[in-house]
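Trainee: There's a structure below that I have some questions on.
The values are calculated or read from the model by the stated rules, or taken from the named source; none is laboratory data. Everything numeric in this text was worked out from a predicted model, so none of it was measured. In this analysis, Cβ positions are derived from the backbone assuming ideal geometry, glycine residues included, and neighbour counts consider all displayed protein chains. Keep in mind that these areas ignore ligands, DNA and RNA; they rest on the heavy atoms of the full protein, side chains included. Shrake-Rupley method; radii C 1.70, N 1.55, O 1.52, S 1.80 Å.
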Amino acid sequence: MMTGPLDIIEDTDISGMVIGKVRVGLNCRLRVSGMVTGKICLAKGAEVDIPGMFNGKIIRR
């Protein structure tokens, strides 16, 4: 389990639960194979893959 705020600056795989604000940097990829609760802020070219459950908001910058 990870609790935000988190700044992702390289390609990252997380297995488990993420709670809070997550900022995904320029041209980075985030993959969470669990549950995400909170906000995800995406920079240009950023990708997010959540095959599990998502409860929150996605914001593009």
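Trainee: Taking region 28-57 as the region of interest, how many residues are touching an Asp or Glu at 6+ places or on another chain (Cβ under 9 Å) and among the hydrophobic types (A, V, I, L, M, F, W, C)?
Mentor: Count: 3.
Trainee: Here's a check for you: in region 8-24, which residue that is out of contact with any strand residue (DSSP E or B) (no Cβ under 6 Å at 6 or more places or on another chain) and of a type outside the set (D, E, K, R) is least open to solvent (accessible area, probe 1.4 Å)? So that I can check it myself, show each step before the final result.
Mentor: Start the filter on region 8-24 by keeping residues that are out of contact with any strand residue (DSSP E or B) (no Cβ under 6 Å at 6 or more places or on another chain), which leaves 9-10, 15-16.
From what's left, of a type outside the set (D, E, K, R): 9, 15-16.
On the way: ILE9: 143, SER15: 98, GLY16: 30 Å².
If we take residues in region 8-24 being out of contact with any strand residue (DSSP E or B) (no Cβ under 6 Å at 6 or more places or on another chain) and of a type outside the set (D, E, K, R), then GLY16 is least open to solvent (accessible area, probe 1.4 Å).
Trainee: Residue by residue through region 12-24, note down the ones that are assigned to a loop (DSSP other than H, G, I, E, B) and either under 17 Å from LYS57 (Cβ atoms) or in contact (Cβ under 8 Å) with a residue 24 or more places away in the chain (or both).
Mentor: Filtering region 12-24 for residues assigned to a loop (DSSP other than H, G, I, E, B) gives 15-16, 20-21.
If the condition is that a residue be assigned to a loop (DSSP other than H, G, I, E, B) and either under 17 Å from LYS57 (Cβ atoms) or in contact (Cβ under 8 Å) with a residue 24 or more places away in the chain (or both), then GLY20, LYS21 are the ones that fit.
Trainee: Sort out which residues of region 2-11 are part of a strand (DSSP E or B) and β-branched (Val, Ile, Thr), and write them in order of number.
Mentor: Initially, region 2-11 is screened for residues part of a strand (DSSP E or B), giving 2-3, 6-8.
Those that are part of a strand (DSSP E or B) and β-branched (Val, Ile, Thr): THR3, ILE8.
Trainee: Would you tally the residues in region 25-59 being part of a loop (DSSP other than H, G, I, E, B) and open to solvent by 60 Å² or more (accessible area, probe 1.4 Å)? Give the derivation first.
Mentor: So the first thing to find is which residues in region 25-59 are part of a loop (DSSP other than H, G, I, E, B), and the list is 25-28, 33-34, 43-46, 50-52.
Now narrow it down to the ones that are open to solvent by 60 Å² or more (accessible area, probe 1.4 Å): 26-27, 33, 44, 51.
Counting residues in region 25-59 that are part of a loop (DSSP other than H, G, I, E, B) and open to solvent by 60 Å² or more (accessible area, probe 1.4 Å) gives 5.
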